[in-house]
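What follows is a single structure, written as structure tokens, with notes after it.
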There are 2 protein chains.
Amino acid sequence: MYTVSTSNHRYHHGNLRQALVDAALALMVETGGTDFSLREAARRVGVTVNASYRHFRNKDALMVAIAAEGFRRFGRALMEGALEADDPQGRLLGSGRAYVRFARANPSLFRLMFSSFNVGRQEEELTLAGNQAFDVLKSGLATFLDKPADSPDVAVAALRAWSLAHGLSYLILDGQLAHLPLDEDTLIERVISNHAG
Amino acid sequence: MYTVSTSNHRYHHGNLRQALVDAALALMVETGGTDFSLREAARRVGVTVNASYRHFRNKDALMVAIAAEGFRRFGRALMEGALEADDPQGRLLGSGRAYVRFARANPSLFRLMFSSFNVGRQEEELTLAGNQAFDVLKSGLATFLDKPADSPDVAVAALRAWSLAHGLSYLILDGQLAHLPLDEDTLIERVISNHAG
DNA sequence: CCGTCATGTGTACAATGTTCACATTGATCC
DNA sequence: GGATCAATGTGAACATTGTACACATGACGG
């Protein structure tokens with residue numbers, strides 16, 4: 001997952017920061033929720049809680065780091081999804097599918113990413129990673145609409161696509177699709193692609 | 001907000017359950033986040049923490065109760081939004097606007113509602129309130145499409161509308177609309193109504 | 001070799017969620 | 001009307017958590 005230092009430090013860990021991120025993420029996955037214990041994460045890594053304060057100002061800072069890591073993976077997933085097709089529309093649909101796929105595969109991380117956005121809005125790492133993910137969608141839409149990326153039309157279309165994928169992902173995570181008459185994948189496909197009614 | 005018992009109980013509160021819900025909600029609003037302290041809520045109500053355990057199994061149960069209360073208000077807001085117009089399409093747009101309006105007006109509550117959905121999925125009160133809110137959208141779409149409410153087409157259309165409003169609301173709460181070239185209300189209007197660029 | 005700075009440990013503290021034993025209330029039945 | 005009893009409150013206690021402060025240890029450049 002991350003490169004460990006070569007020597008066998010008894011005292012110094014080597015890459016505690018990333019190790020804490022990974023441990024906390026693992027804890028979240030086990031719980032299924034978006035919460036974790038700082039102490040427990042440190043315990044897993046084999047280190048005292050206080051050691052983590054050398055790498056994060058407080059627990060919120062660690063959560064922001066996790067969210068940022070999530071957004072980086074997220075952006076990558078969106079790009080790879082876009083590469084599944086060759087035409088602009090296909091690429092757009094590909095990112096949409098990748099969006100939902102990511103949310104389903106990493107529910108806790110996905111939730112944390114978007115719930116810690118207000119907490120750590122001032123944190124540069126987070127906003128940067130978040131904007132980069134959004135840019136994937138925007139540039140895809142710009143080429144699809146054949147208009148400049150900063151035009152209002154592109155903004156509106158991107159926002160609509162983003163909203164659609166985002167809302168759909170959340171509804172799936174909340175189990176809101178279970179009651180519906182079609183199976184999940186068919187629903188996702190029909191919702192994302194634009195064949196209205 | 002809620003009817004208090006007539007007599008001046010020194011010991012018995014009268015409607016502690018609802019009072020705790022209100023206090024916790026107020027705390028969330030003050031913090032801006034979705035978290036609160038059970039003890040602090042009890043303190044506000046003028047009661048010991050332990051008293052709350054007569055009305056809620058634990059803190060999560062209180063959160064679920066808050067979320068359910070939120071979904072009831074939410075459902076009402078959607079209905080009122082639909083009543084702003086007379087034609088089916090106008091009603092649909094009305095609920096969409098009401099959806100986003102509710103999220104902006106009650107950000108903490110909105111977040112809690114959808115983040116506690118997995119925690120308290122087994123809780124009947126919550127799922128009931130949630131489904132009722134969703135039914136408002138579904139019935140509106142059924143009359144709009146003039147098809148039976150349980151048809152796949154209605155399901156897909158409802159899911160798409162719900163996703164759109166939901167995602168847009170979340171993106172607004174996350175402050176993702178600040179960077180965009182149009183002002184928020186114009187964006188919302190253009191995203192919700194279907195004039196694809 | 002030795003300072004010095006980053007990185008770790010130990011101790012301490014207030015706050016929180018939760019539990020258990022006990023107190024108080026108010027309705028119900030004789 | 002007074003005893004009974006379930007509903008509803010209090011009080012003390014405990015483990016866990018996030019955080020702060022003083023100190024230990026290690027790596028490394030002069």
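The values are calculated or read from the model by the stated rules, or taken from the named source; none is laboratory data. All of these numbers come straight from a predicted model, not from anything done at the bench. When we count neighbours, we look across all protein chains shown, and the Cβ atoms used for this are built from the backbone with ideal geometry, even at glycine. To get the accessible areas, we keep the full protein, side chains included, count just its heavy atoms, and leave off ligands, DNA and RNA. Shrake-Rupley method; radii C 1.70, N 1.55, O 1.52, S 1.80 Å.
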Subject >> Exclusive hit being assigned to a helix (DSSP H, G or I) and farther than 20 Å from B:Gly96 by Cα, set A:Ile188, A:Ile172 >> reply: A:Ile188
**OP:** Kindly indicate the residue of the stretch A:12-54 that is within 12 Å of DNA strand D (Cβ to nearest atom), assigned to a helix (DSSP H, G or I) and open to solvent by 90 Å² or more (accessible area, probe 1.4 Å) and also nearest to A:Leu109 (Cα to Cα) among those meeting that condition.
**Re:** A:Thr31
Original post:
If you check B:Gly90, B:Gly140, B:Gly175, which single one turns out to be more than 11 Å from every other protein chain (Cβ to nearest Cβ) and in contact with a Lys or Arg (Cβ under 9 Å, 6 or more places away or on another chain)?
Top reply: B:Gly140
Original post:
Identify, please: which residue in the stretch B:114-132 is more than 11 Å from chain A (Cβ to nearest Cβ) and at pLDDT 85 or above and is, among those, nearest to the chain's Cα centre (by Cα)?
Top reply: B:Ala129
Original post:
Within the stretch A:56-84, how many residues turn out to be outside any helix (DSSP H, G or I) and open to solvent by less than 20 Å² (accessible area, probe 1.4 Å)?
Top reply: 1
**OP:** Quickly run through the stretch B:160-185 and pick out the residues that are aliphatic (A, V, I, L, M) and modelled with pLDDT of 85 or more.
**Re:** B:Ala161, B:Leu164, B:Ala165, B:Leu168, B:Leu171, B:Ile172, B:Leu173
**OP:** Give the residue, chosen from B:Arg76, B:Arg101, B:Arg111, B:Arg57, that is at pLDDT below 95, of a type in the set (Lys, Arg) and either under 30 Å from A:Phe110 (Cβ atoms) or in the same structural domain as B:Phe134 (by TED's automatic domain parsing) (or both).
**Re:** B:Arg111
Original post:
Residues of the stretch B:130-188 being over 20 Å from A:Ser169 (Cβ atoms) and hydroxyl-bearing (Ser, Thr, Tyr), which ones?
Top reply: B:Ser139, B:Thr143, B:Ser151, B:Thr186
Original post:
Could you say which residue among B:Asn8, B:Asn15 is within 13 Å of DNA strand C (Cβ to nearest atom), at pLDDT below 95 and more than 24 Å from B:Asn131 (Cα to Cα)?
Top reply: B:Asn8
Original post:
Residues A:Asp135, A:Asp150: which one is open to solvent by 20 Å² or more (accessible area, probe 1.4 Å) and more than 7 Å from chain B (Cβ to nearest Cβ)?
Top reply: A:Asp135
Original post:
When you go through (1) small (Gly, Ala, Ser); (2) more than 10 Å from chain A (Cβ to nearest Cβ); (3) in contact with a helix residue (DSSP H, G or I) (Cβ under 8 Å, 6 or more places away or on another chain) one by one for B:Ala155, which number turns out not to apply?
Top reply: (2)
Original post:
Which of the residues that make up the stretch A:153-195 are basic (Lys, Arg) and surrounded by fewer than 19 Cβ atoms within 10 Å (Cβ to Cβ)?
Top reply: none
